[in-house]
Each structure stands twice: as structure tokens, then as C-alpha cells.
Amino acid sequence: MKNSILLLQLFLFATLSVQSETIQVTAQNFSYTPANITINVGDTVVWTNTGGTHDVNGTTNSITGNPFDNPEDFDSETTNTIGSVIYTHIFTLAGEYNYDCSEGSHAANGMVGTINVQNVIPATVFDIIEQSTAHDTLEIAIIQAELVDALSGDGPFTVFAPTDAAFAAVDPLLFQAILASNDILAPILLHHVHGEGTVLSSDLMDGMMVATLNNDQLTITQINDSTFKVDDATIIIADIIAENGVVHVIDVVLVPSPPEDITVVDIVVNSPDHNTLETALIAADLIETLSGEGPFTVFAPTDAAFDALPAGTLDALLADIPALTILLTHHVYGGSLEDTDLTDGLSILTLNDDNVTVANDGTSIMIDDAMVTLSVNQADNGIVHIIDAVLTLEEPTSIDNLLLESNIVYMHTINLLGEKVERESNDKVLIDIYSNGTVIKRYNSNK
């Protein structure tokens with residue numbers, strides 16, 4: 001990386017949309033006008049002959065015979081007469097340049113010039129990303145997550161910036177779900193930012209740990225003298241400097257480490273789209289059960305799915321804990337089913353001893369009448385499949401029918417042997433008998 005200065009500056013040319021300028025210099029008699037100019041990397045200088053015969057010589061000093069040793073060579077090689085362009089050059093390397101006119105004694109008579117080429121340093125690390133043609137997706141994500149002001153602050157920041165190609169490699173459905181929730185998106189983006197200083201490529205060492213703004217860490221692995229990896233990503237361009245930090249371009253989106261011992265309950269609780277389900281699980285006293293070893297497969301209806309229930313249904317459910325428990329355990333399978341396991345026609349026995357059926361046409365997965373919109377398999381004790389509708393029970397133990405009745409009175413509870421037991425019995429399967437003849441079989445979550 002120490003030998004990659006030219007590559008980095010060429011990358012800046014290719015990817016940063018910094019407006020370059022064209023500067024005109026005239027050559028007449030024994031002078032260049034202006035003789036001394038300051039320009040930026042990427043600017044173009046055009047020399048035009050307005051009097052006499054002249055050239056632009058940036059290689060060897062015509063007076064001393066010594067090389068100019070400019071950061072890069074530039075030389076018109078030929079002379080030009082009045083009215084024509086002598087030479088055009090785009091300056092790609094910063095530094096001080098000296099040149100003269102090698103015709104006759106022109107240089108000795110004062111026809112010399114200097115050019116000071118300075119790097120254009122973006123004000124912020126976000127400016128680098130915004131101006132890069134290879135980071136449109138990252139720019140959109142930062143804006144969406146409302147992190148522009150943060151990355152435009154004093155810093156200094158070290159940003160590991162995934163390219164558009166890196167984001168394109170992420171599953172489209174998963175990426176859209178991430179973009180839709182700033183609670184998920186912001187921590188992922190902050191996992192790409194070190195906020196405690198500027199870490200240049202020359203600072204990187206094999207085995208080095210770099211803390212990120214989401215309270216996680218990245219591991220540096222040295223592949224060879226010029227290549228480093230950050231977790232699973234390779235740094236493909238290093239040391240793009242801003243006034244408030246540095247940007248390193250990487251080829252893979254970095255994934256934060258999941259919290260230790262994360263459960264299916266944690267996924268629900270941490271989701272901004274499952275507040276109703278969280279409330280229902282707490283009311284039904286299922287938090288401890290679903291935080292156990294499992295494994296569990298949870299079909300998790302969103303808040304919007306609960307909102308779509310008939311008016312009054314949710315309130316009635318929350319007021320009838322046994323009915324609520326049956327409904328919730330109807331959304332849980334006592335095993336691990338990844339999305340690849342959800343094959344067409346599969347019948348799944350849920351924890352309330354009822355069944356749901358999978359329909360899979362290769363493009364979408366349905367669980368009864370609900371569509372799986374996202375599968376999250378990061379829990380240690382199972383998998384959560386997010387669904388867009390609440391699953392209803394089969395007749396005759398339909399929760400919907402139960403809630404539509406207005407004068408239902410709980411009578412008693414029996415076990416599978418038909419024996420009357422306490423409602424909080426330790427039997428695995430309990431059957432509640434209601435005054436209207438409804439019989440509801442439920443799974444005992446405390447068993």
C-alpha cells in the first residue's frame with residue numbers, strides 16, 4: 001500500500017466528481033503569462049502562442065542542463081508559431097513543477113514558469129462518498145439512516161466504504177428490509193466507521209482490532225505486503241483523505257457480530273415492526289418459554305398484520321390470555337425450519353397441536369394465508385420468519401369465532417384423559433370448555 005500513491009490518485013480522478021478547471025497560459029516574446037500559477041490535481045493547463053516561436057519544456061533546465069525532477073514529466077517536444085496551441089497537459093500528481101522555453105536563449109532571458117499543483121482534500125468523509133461514482137448505494141443508505149451530519153462532524157473518522165458492487169451482492173429482499181428500518185440500518189453503517197482517529201494503511205497490522213461506532217470490533221488480517229482484509233472484506237483502495245478523516249474502499253459489506261445468546265424473542269423485541277407481537281408475548285407469559293433452548297421456528301406477524309384484524313379482535317385477545325396463548329403458540333413450531341426447509345405442501349405441527357401448511361412456488365413462500373417477507377436466522381435458539389398476516393386456527397377451535405361471541409363464559413379445563421384439572425395444570429395439553437360449547441385445546445407454555 002505504501003507504493004500505491006499513483007493508483008490512489010488515479011482512483012480519485014475516476015470516482016470523485018470534483019470539478020476540474022482549464023487554465024490558459026500565453027507565450028509571447030520572452031515570457032509565459034501568468035508565469036506562476038497554483039492549480040488543483042486534475043486541472044488542465046493549455047499553453048497558447050501569441051507571439052514568436054516557443055515550446056513548453058518540463059524535463060531539463062535549459063539554463064543549467066540539469067533535470068527539473070518534476071513530480072511528472074511534461075514536454076511539448078515541438079515548437080509552435082503564433083496563433084496555435086503549444087501544449088496541453090492534465091496534472092495528476094501534486095507538487096511543484098518548473099519549466100521553461102528551450103528555444104534559443106528564451107529561458108536565459110526569463111521565459112520560465114512554475115506550477116504549484118495541490119491536492120483537493122474533501123472537507124468530510126461523507127463528501128468523499130457523495131462524490132464517488134462507486135458509492136451511490138452507500139450514499140443513499142447514509143442519508144436514509146440520517147447519518148450525514150454525524151459523518152460531517154469533526155471526527156476524525158476512519159470509514160471502510162463498501163462499493164455499489166458490494167451492496168449488490170447482498171440478498172435484495174434482505175437489503176430492502178434493512179433499508180426500511182433505520183433501527184437496523186444505522187448500526188450496520190456505524191459498524192463500518194471507526195470514530196477514535198484516522199487509521200491509515202501504514203497503521204494497519206495483522207491481528208489488529210479496530211473499534212467501530214456500534215460498539216463492535218473489526219479484525220485486520222494482513223494477506224501480503226500490500227493487501228489487508230477487514231473481517232471478510234478486502235481493502236481495494238486505501239487512504240482517501242478528508243479533512244475529518246480517511247476512507248478505505250472495501251469489496252464486501254461488513255456484518256456486525258450478533259449479540260451473545262440472542263433468542264427469537266430478542267429478534268422480536270428489537271424489531272420496530274413487531275411491537276404488538278412483543279406486547280402479546282409478554283401478556284401471554286411466553287417470553288421465558290421462547291427464550292429457552294429451543295429450537296423454535298416463529299412465524300412473526302408484523303404490527304400491520306395485527307392492525308388488519310377485525311375491529312376489537314386484538315383488545316379481546318389481550319383480555320383473554322388462554323385464547324391469546326393458543327393463537328400465539330399457533331405461530332410457533334418446536335424445531336428449526338430455515339426458508340430452504342419450507343417446501344411446497346409441507347404441513348407444520350405448531351405448539352398448540354394445530355397445523356399450518358406451506359405453499360412455495362419458488363418465488364414466494366406462504367404459511368397458510370400469510371406471506372413470508374423476511375427470514376432471520378441469527379438467533380441462537382431458532383429462526384424467525386416475518387409474515388404479513390396473523391395465522392388463524394382451523395375449525396372448530398377458531399379464535400376468530402370465539403372472539404365474535406359476546407357472552408362466553410369459561411366453565412372448566414380437562415386433560416387428554418377427560419379429567420377435570422386446574423386451569424394452570426402442568427399437563428402438556430389442556431382443553432378449556434366454554435359455556436357456548438366451544439372447546440379449545442391449548443399447549444401449556446409452562447410445561
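The values are calculated or read from the model by the stated rules, or taken from the named source; none is laboratory data. Everything numeric in this text was worked out from a predicted model, so none of it was measured. Quick reminder, even Gly has a Cβ in these numbers, built from the backbone with ideal geometry, and neighbours come from all protein chains shown.
Quick check on my filter: what residues within region 205-230 are surrounded by fewer than 19 Cβ atoms within 10 Å (Cβ to Cβ) and not in a strand (DSSP E or B)?
Within region 205-230, MET205, ASP206, GLY207, MET208, ASN214, ASN215, ASP216, ASP225, SER226 meet the criteria.
Is it the case that LEU342 is under 29 Å from the mean Cα position of the chain (by Cα), more than 21 Å from GLU278 (Cβ to Cβ) and either modelled with pLDDT of 90 or more or of a type outside the set (Gly, Ala, Ser) (or both)?
Against the criterion (under 29 Å from the mean Cα position of the chain (by Cα), more than 21 Å from GLU278 (Cβ to Cβ) and either modelled with pLDDT of 90 or more or of a type outside the set (Gly, Ala, Ser) (or both)), LEU342 qualifies.
Among the residues of region 354-376, what is the count of those that are touching a helix residue (DSSP H, G or I) at 6+ places or on another chain (Cβ under 9 Å) and in a loop (DSSP other than H, G, I, E, B)?
Result for region 354-376: 1.
Can you name every one of the helices (runs of 4 or more DSSP H) wholly within region 90-154 that holds 1 or more residues which are in the same structural domain as THR198 (by TED's automatic domain parsing), of a type outside the set (Ser, Thr, Tyr) and touching an Asp or Glu at 6+ places or on another chain (Cβ under 6 Å)?
Counting at least 1 such residues, we get 125-131, 136-144.
Considering only residues that are within 15 Å of the chain's Cα centre (by Cα) and surrounded by fewer than 19 Cβ atoms within 10 Å (Cβ to Cβ), which ones fall in region 232-253?
Within region 232-253, ASP232, ASP251 meet the criteria.
When only residues in region 73-119 that are loosely packed, with under 14 Cβ neighbours inside 10 Å and within 11 Å of VAL56 (Cβ to Cβ) count, which is modelled with the highest pLDDT?
Checked region 73-119; the qualifying residue modelled with the highest pLDDT is VAL85.
What residue, of ALA283, ALA311, is outside the structural domain of LEU174 (by TED's automatic domain parsing), aliphatic (A, V, I, L, M) and either surrounded by 17 or more Cβ atoms within 10 Å (Cβ to Cβ) or touching a residue at least 12 places away in the same chain (Cβ under 8 Å) (or both)?
Residue meeting the stated conditions: ALA283.
So, in region 294-322, exactly how many residues are of a type in the set (Asp, Glu) and at pLDDT 90 or above?
Within region 294-322, residues that are of a type in the set (Asp, Glu) and at pLDDT 90 or above number 2.
Checking the condition under 29 Å from ASP303 (Cβ atoms), surrounded by 17 or more Cβ atoms within 10 Å (Cβ to Cβ) and in contact with a Leu (Cβ under 8 Å, 6 or more places away or on another chain), which residue from ILE128, ILE142 passes?
Criteria check complete, one pass: ILE142.
For ASP225, only one of the following conditions fails: (1) farther than 12 Å from PHE160 by Cα; (2) of a type outside the set (S, T, N, Q); (3) within 18 Å of the chain's Cα centre (by Cα). What is its number?
For ASP225, the exception is condition (3).
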